Structure formats: C-alpha cells, structure tokens
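Chemist: Have a look at the structure that comes next, please.
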Amino acid sequence: MTNAAENISVSSPFYAYLSRLRWIKRWGLKRNALDENVMEHSWEVAVIAHTLALIKNRYYGGSLDANAIATAALYHDITEVITGDLPTPIKYHSEAINVAYKEIEKQAEKELLKLLPPELQADFEALIHHDSMPEEHVRIIKAADKISAYLKCQAELKAGNTEFEMAAQELAKTIAGYRQPEVVFFMQAFAPSCGLTLDGLMRT
C-alpha cells in the first residue's frame, strides 16, 4: 500500500462546485422576507432526515442507518449547482417540463460524479445518484425536504409575507398525505416550536 500523502497528483474541482451552493437562492419566483440558499437548506434537510430515521428506529421498529441518510440528504440538491433551483410550480407545470428536468438532473449527477477521482466515484455514487439509494432512504429524505420547505413557509408567514400562504397549505397537505408515523411524530413534537421567538423558546 502506497502512502498517498507522499505523492498526490489528483486535482478535482468537485468541492469548488459544492461551495457555490451558497449562492443559489431558493424560492426564486416568490418575494422572500428571509432569503434561503441551497447550502443552508441542505443542512436543514439533513438534520431533519437524521431525526426522522431515529424516530422510525426508536418508536416504530425501524432499522435505518440514520447517519447514511443524513449524509445522503446533505447531497440531495447537489445537482442544482449546475441546473440552478427550478421553482416547484414550474417543475410540475406540465408533464413535459417535469420529464425534461428529471433528465437534466440525471445528466448533472453524472457530470458531478465525473469530477471526482476515479477511486472515490463508487463511494459517492449512492449519494449523488438518487436511483442508487435505498427506497426507504429516499422516502425519508423526501419527507425531510418537504418539512424543511414547510418550515420556511411558516417563517415567511410569521414575518408577514402572505406570498407563501398557498405553498404552506399545499405542503401541509403533502406532508399529511405521506402517512409516515415518523413524520407525524416530528410534526407534532418539533414543528410547532419552530415558530417561537427567542424569548418564547427561553420560556419553554
């Protein structure tokens, strides 16, 4: 086994690309009181997904790898560093747009994977290629993504921005429709306090 540190000839722009996720704004078609970028959204989805997996394991007999799910969630929107964030109303405006965008996302996944050194590509494939993830991991991350978006909408409404009223209603309906016990648990145990002020939190 060679000492890789002695002779590193690898050069990859992979993390230079990742660092640019902070410049990609979400909710581009809406007036925002509180700007949100893809990097911070990815962190929030990761911590929510991690918690959902633990709830599933501890309360509902699951055997999920919460750490693997959290890691995959960190990368769940990585393709947006190439595609940008396409707002949901546009993404699902028509079947043709939805199919075309999914194809673009898959191509972006391939392009990003190719930026990595060959020896690391297999390790990242399950993180970057959504089709390579276990179905249960995908379900947890998808639910966490919707919860994160719902909490964003609630924060906007709390700031007096009625632009997010319909999105909040639609997301609440979508989340309720998942019928995942760990999601119900999270929404009842954790979501309500997210709307508290700092003073309110200190009194809980």
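The values are calculated or read from the model by the stated rules, or taken from the named source; none is laboratory data. Bear in mind the structure is a predicted one, so any value in this text is a computation, not a measurement. Cβ coordinates were reconstructed from backbone atoms using ideal geometry, including for glycine residues, and neighbour counts include every protein chain displayed. Heads up: the accessible areas ignore ligands, DNA and RNA and are worked out on the full protein's heavy atoms, side chains in. Shrake-Rupley method; radii C 1.70, N 1.55, O 1.52, S 1.80 Å.
Chemist: Is there any pair with a first residue in region 29-42 that is over 14 Å from residue 84 (Cβ atoms) and outside any loop (DSSP other than H, G, I, E, B) and a second that is of a type in the set (Ser, Thr, Tyr) and modelled with pLDDT of 95 or more whose Cβ atoms are under 8 Å apart and which are 6 or more apart or on different chains, and what are they?
Modeler: Pairs that qualify, where the first residue is over 14 Å from residue 84 (Cβ atoms) and outside any loop (DSSP other than H, G, I, E, B) and the partner is of a type in the set (Ser, Thr, Tyr) and modelled with pLDDT of 95 or more, are 42/75.
Chemist: Of the numbered conditions (1) under 15 Å from residue 14 (Cβ atoms); (2) open to solvent by less than 50 Å² (accessible area, probe 1.4 Å); (3) hydrophobic (A, V, I, L, M, F, W, C), residue 82 satisfies every one except a single condition; which is it?
Modeler: Evaluating residue 82 over (1) under 15 Å from residue 14 (Cβ atoms); (2) open to solvent by less than 50 Å² (accessible area, probe 1.4 Å); (3) hydrophobic (A, V, I, L, M, F, W, C) leaves (2) as the failure.
Chemist: Let me ask something else. Please work out if residue 140 is assigned to a helix (DSSP H, G or I) and touching a Lys or Arg at 6+ places or on another chain (Cβ under 8 Å). Break it down stepwise before answering.
Modeler: Working: assigned to a helix (DSSP H, G or I): yes; touching a Lys or Arg at 6+ places or on another chain (Cβ under 8 Å): yes.
Considered against the rule, which asks whether it is assigned to a helix (DSSP H, G or I) and touching a Lys or Arg at 6+ places or on another chain (Cβ under 8 Å), residue 140 comes out as yes.
Chemist: Within the group 20, 26, which residue is at negative phi, basic (Lys, Arg) and open to solvent by 60 Å² or more (accessible area, probe 1.4 Å)?
Modeler: Details: 26 fails: open to solvent by 60 Å² or more (accessible area, probe 1.4 Å).
That would be 20, the only listed residue that is at negative phi, basic (Lys, Arg) and open to solvent by 60 Å² or more (accessible area, probe 1.4 Å).
Chemist: So, residue 86, is that one within 18 Å of the chain's Cα centre (by Cα) and farther than 30 Å from residue 174 by Cα or not? Step through it out loud before you land on a result.
Modeler: Values: within 18 Å of the chain's Cα centre (by Cα): yes; farther than 30 Å from residue 174 by Cα: no.
No: the conditions fail for residue 86.
Chemist: Quick one: count up the residues across region 128-167 that are farther than 20 Å from residue 183 by Cα, of a type in the set (A, V, I, L, M, F, W, C) and either open to solvent by 50 Å² or more (accessible area, probe 1.4 Å) or more than 16 Å from the chain's Cα centre (by Cα) (or both).
Modeler: So the answer is 4.
Chemist: Every residue in region 46-100 that is within 22 Å of residue 191 (Cα to Cα), assigned to a helix (DSSP H, G or I) and touching an Asp or Glu at 6+ places or on another chain (Cβ under 7 Å), please.
Modeler: Answer for region 46-100, where residues must be within 22 Å of residue 191 (Cα to Cα), assigned to a helix (DSSP H, G or I) and touching an Asp or Glu at 6+ places or on another chain (Cβ under 7 Å): 52, 55, 56.
Chemist: Also, I was wondering about something else. For region 114-163, name all the residues that are in contact (Cβ under 8 Å) with a residue 24 or more places away in the chain and in contact with a Ser or Thr (Cβ under 7 Å, 6 or more places away or on another chain).
Modeler: Those that are in contact (Cβ under 8 Å) with a residue 24 or more places away in the chain and in contact with a Ser or Thr (Cβ under 7 Å, 6 or more places away or on another chain): 115, 116, 117, 126, 127, 146.
Chemist: With the structure loaded, tell me whether residue 15 is of a type in the set (Phe, Trp, Tyr), part of a helix (DSSP H, G or I) and exposed (fewer than 13 other Cβ atoms within 10 Å of the Cβ) or whether it fails that test. Reasoning before the result, please.
Modeler: Details: of a type in the set (Phe, Trp, Tyr): yes; part of a helix (DSSP H, G or I): yes; exposed (fewer than 13 other Cβ atoms within 10 Å of the Cβ): yes.
Yes: the conditions hold for residue 15.
Chemist: OK, next. Tell me which residues, restricted to region 179-197, are of a type in the set (Gly, Ala, Ser), touching a helix residue (DSSP H, G or I) at 6+ places or on another chain (Cβ under 8 Å) and either part of a helix (DSSP H, G or I) or open to solvent by 50 Å² or more (accessible area, probe 1.4 Å) (or both). It would help to see each step written out before you state the result.
Modeler: Of the residues in region 179-197, the ones of a type in the set (Gly, Ala, Ser) are 189, 191, 193, 195.
The next check asks that each one be touching a helix residue (DSSP H, G or I) at 6+ places or on another chain (Cβ under 8 Å); those that pass are 191, 193, 195.
Hits for region 179-197 are 193, 195.
Chemist: Continuing with this model, one more query. Just checking, does region 173-191 include any residue being modelled with pLDDT of 95 or more and farther than 18 Å from residue 49 by Cα? Show your work before the answer.
Modeler: At the first step, the residues of region 173-191 found to be modelled with pLDDT of 95 or more are 173-177, 180-191.
So of that shortlist, the ones also farther than 18 Å from residue 49 by Cα come out as 173.
The answer is yes; a qualifying residue exists.
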